[in-house]
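Input: a single structure, listed below in structure tokens.
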Amino acid sequence: MRTKPRIVVGISGASGAMLGIRIVELLAAAGCETHLVVSRSGERTIGHEAGSDALRHVESLAFQHHPIEDVGATIASGSFRTAGMIVAPCSMRTLSAIATSAADNLLVRAADVHLKERRRLVLLARETPLHLGHIRMMAAVTEMGAIVAPPVPAFYRRPQSVMDIVDHTARRAIDLLGLDIAALAEPWGGLG
């Protein structure tokens, strides 16, 4: 019997690659079975934003890295039970493909599986400003059961660095899966 939560993490090509990397780092540290899928644009963005070794680093932390073209991978099936999926960052192209069930790659197919199986799907949608098409796609995936969570900094936490913002956002995204994992986002204690 599996005791570790099994989580799928997708990284698409929007800016904010460190969000997906930090999520995988936190899940690995918590002992989760993390299944990673990165789009081609995501690979390019990781290299640009986080350095040439960052993709290799995040792949080494995952329990399994699945190629984006492998639509026959385990995570493409509803019979592969998971505790949820996070797409971080989630480009508007990926969000739109999820909203329209255009499952032409493994990342979108895995997200589609999470929706059809009524499992948690958290999308850290990364775009600004938004036009009406973006907003409609966000509404569509929300109506389908996804959680759209744009990575908005929690300034009330008084972050001292960009990594403080990345870390809190990553922890909050994991919290949205509803898992009982220690050392995630600290709950708001009110103004004191």
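If you plug the beta carbon distance of residue 164 and residue 77 into 1/(1 + (r/R0)^6) with R0 = 45 Å, you get a FRET efficiency near 0.75.
Taking a ≥ b ≥ c as the square roots of the eigenvalues of the alpha carbon gyration tensor, the stretch 118-174 is oblate, as a/c is not under 1.5 and a/b does not beat b/c.
Of the trypsin sites (Lys or Arg not before Pro) in the stretch 1-78, the ones in a loop by DSSP (not H, G, I, E or B) with at most 13 other beta carbons within 10 Å are 2.
Per residue, the chain exposes 50 Å² of accessible surface when a 1.4 Å probe is rolled over the protein heavy atoms with every protein chain present. Note on the stretch 1-157: with neighbouring protein chains present and a 1.4 Å probe, carbon and sulfur make up 53 percent of its accessible heavy-atom surface.
Could you tell me whether the chain comes out rounded, prolate or oblate from its Cα gyration tensor? Rule is a ≥ b ≥ c as square roots of the eigenvalues, rounded for a/c under 1.5, then prolate if a/b exceeds b/c, otherwise oblate. Could the numbers behind the result be given before it?
Details: a/c = 1.28, a/b = 1.15, b/c = 1.11.
Since a/c stays below 1.5, the shape of the chain is classed as rounded.
If you keep only loop residues by DSSP, which chymotrypsin sites (Phe, Trp or Tyr not before Pro) in the stretch 87-192 have at most 12 other Cβ atoms within 10 Å of their Cβ?
Here the chymotrypsin sites (Phe, Trp or Tyr not before Pro) that fit, given the DSSP loop and packing criteria, are 188.
Label sites at residue 63 and residue 4, each approximated as a point 7 angstrom past Cα along Cα to Cβ, lie 0.6 nm apart.
Site pair residue 49 and residue 157 shows an inter-label distance of 1.6 nm when each label is modelled 7 Å from Cα along Cα→Cβ. Extension gain, residue 180 to residue 104, is 24.1 nm, computed as 0.36 nm per intervening residue step minus the present C-alpha separation.
Net length available on complete extension from residue 41 to residue 128 is 29.5 nm, with 0.36 nm assigned per residue and the Cα-Cα distance removed. Per-residue ellipticity at 222 nm from helix content only, as computed over the chain with -39500 (n - 2.57) for each DSSP H run of at least four residues, stands at -12500 deg cm²/dmol.
How would the stretch 83-192 be classified by its alpha-carbon gyration tensor: rounded, prolate or oblate, with rounded meaning a/c under 1.5 and the a/b versus b/c comparison settling the rest?
prolate
For the stretch 42-57, 3J(HN,Hα) computed residue by residue from phi via the Karplus equation (6.51, -1.76, 1.60; θ = phi - 60°) reads x, 4, 5, 5, 4, x, 6, 8, 10, x, 5, 9, 5, 5, 4, 4 Hz, glycine and proline entered as x.
The values are calculated or read from the model by the stated rules, or taken from the named source; none is laboratory data. Everything numeric in this text was worked out from a predicted model, so none of it was measured. Neighbour counts are summed over all protein chains in view; Cβ atoms, including those assigned to glycine, are modelled from backbone coordinates with ideal geometry. Note: areas computed on protein heavy atoms with side chains; ligands, DNA, RNA excluded. Shrake-Rupley method; radii C 1.70, N 1.55, O 1.52, S 1.80 Å.
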